[in-house]
Amino acid sequence: MAARQDRLELRTDVPATGTWQRCSDLLDDPARFDVWRKLLGDWLRAQFGQAPERTTAGFVMSWYLHVPAFTAALLLHHERRVPTLRPGELAFRLCADRPHPEGVAVLGEQFYCLPGDPGAGLPQATVVADERALAAVLRARYTAHAARFVQAYAPVSRLGRRTLWAAATDALDSTLWWSGSYAGDEDAGVADARLVLDEHHPPLTASSRLRRSEQGWARRRESCCFSYLLPEQPLCDGCPRTCRR
C-alpha cells in the first residue's frame, strides 16, 4: 500500500484559509499526533473495516517525516539550497480526504547555498564551499529535526527508536530520489541521495539504499509501514520483512 507521494504543494507562506499546523505544534504537544492518528483510523476503517494501532502509528510516522525530508530534497534538487528545517519554520496541511500532508510551507528566511547562488549575498544566506558541504548541512539539519520527532513520537506511538530512525532514513533517501524522478531526471535524484547519504551517518541507520535492478532504480526500505496488517494487503516491495540484510 505504501507508494510515492505524487503531489506536494510547497510554498513560503501560510494562507488565511485552510487548516495548517507548524511542525513545532505537534512536537511541543505530542497529543496532537493522537488526533492525527484518529483521523487516519477513521479513514482506514472506512476503506478496510479496521485500523490496526501499529498501522496508524507507522503511517503517521512516515507522513510526518516526509515533511522535512521532501522540503529539503525539493529545494536541493531545484535550487541547490537547504532551508534550516527548524520545526517552528515548517508548516503543513492535511488532505481533506486521506489525511496525509498535501501542502508544506517554509516559513523561515534563512538558507544555505553555494557560492554561485544568485542569493549568496543576501543577509539570510549562509554560503558553503561546495555540494558536498551543502549535503552535509542538509543531513545535519534534517537529522536535528528528526531527533526532535523521535523524542516526541516514541512515547505516544510505542514504536522503538530504531524503527523511528529507520523511517527517518527511508524518508530522506526516498524523497531525494523522487525529487529528481518527478523533475524528469531520475538519475539526478539518485545522485543527490548518494551525495547526502554517501555512507552510514548515525543516528540515521544506513547509507543510500538505491540500487539499479532489471526494472530500473529501486531501494530496500529500512523500516516497515505496517500496511500489511490491513485486510488483504501484501508486504510492500523492498520491505525489510522480505529483504535479506
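Tabulated results
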{"read-out": "Count of segment 137-150 residues which are closer than 19 Å to C224 by Cα and among the polar types (S, T, N, Q)", "value": "0"}
{"read-out": "Residues satisfying the stated conditions in segment 179-217, i.e. at pLDDT below 95 and among the basic types (K, R)", "value": "R209, R211, R212"}
{"read-out": "Single match in R162, R148 (criterion: in a helix (DSSP H, G or I), open to solvent by 40 Å² or more (accessible area, probe 1.4 Å), under 13 Å from L27 (Cα atoms) and in contact (Cβ under 8 Å) with a residue 40 or more places away in the chain)", "value": "R148"}
{"read-out": "Members of segment 189-200 that are open to solvent by 30 Å² or more (accessible area, probe 1.4 Å) and part of a helix (DSSP H, G or I)", "value": "A191, R194, L195"}
{"read-out": "Failed condition for L134, given (1) open to solvent by less than 20 Å² (accessible area, probe 1.4 Å); (2) outside any loop (DSSP other than H, G, I, E, B); (3) touching a Ser or Thr at 6+ places or on another chain (Cβ under 9 Å); (4) aliphatic (A, V, I, L, M)", "value": "(3)"}
{"read-out": "Residue within segment 20-39 that is at pLDDT below 95 and at positive phi present", "value": "no"}
{"read-out": "Failed item in (1) modelled with pLDDT of 95 or more; (2) within 27 Å of G88 (Cβ to Cβ); (3) open to solvent by 20 Å² or more (accessible area, probe 1.4 Å), with A167 passing the rest", "value": "(3)"}
{"read-out": "Counted residues, segment 180-229 - those being small (G, A, S) and under 15 Å from A136 (Cβ atoms)", "value": "3"}
{"read-out": "Checklist (1) in contact with an Asp or Glu (Cβ under 9 Å, 6 or more places away or on another chain); (2) at negative phi; (3) surrounded by fewer than 19 Cβ atoms within 10 Å (Cβ to Cβ) applied to P87, failing item", "value": "(3)"}
{"read-out": "Residue, nearest to D13 (Cα to Cα), within segment 103-123, restricted to residues that are of a type outside the set (A, V, I, L, M, F, W, C) and open to solvent by 60 Å² or more (accessible area, probe 1.4 Å)", "value": "E109"}
{"read-out": "Enumerated helices (runs of 4 or more DSSP H) restricted to segment 1-102, each holding at least 3 residues that are more than 28 Å from L235 (Cα to Cα)", "value": "23-28, 53-79"}
{"read-out": "Failed item in (1) surrounded by fewer than 18 Cβ atoms within 10 Å (Cβ to Cβ); (2) within 27 Å of L27 (Cβ to Cβ); (3) of a type in the set (A, V, I, L, M), with L176 passing the rest", "value": "(1)"}
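The values are calculated or read from the model by the stated rules, or taken from the named source; none is laboratory data. Every value quoted in this text rests on a predicted model; they were computed, and no experiment measured them. Counting neighbours? That spans all protein chains shown, and the Cβs are built from the backbone with ideal geometry, glycine included. Accessible surface areas use protein heavy atoms only, side chains included; no ligands, DNA or RNA. Shrake-Rupley method; radii C 1.70, N 1.55, O 1.52, S 1.80 Å.
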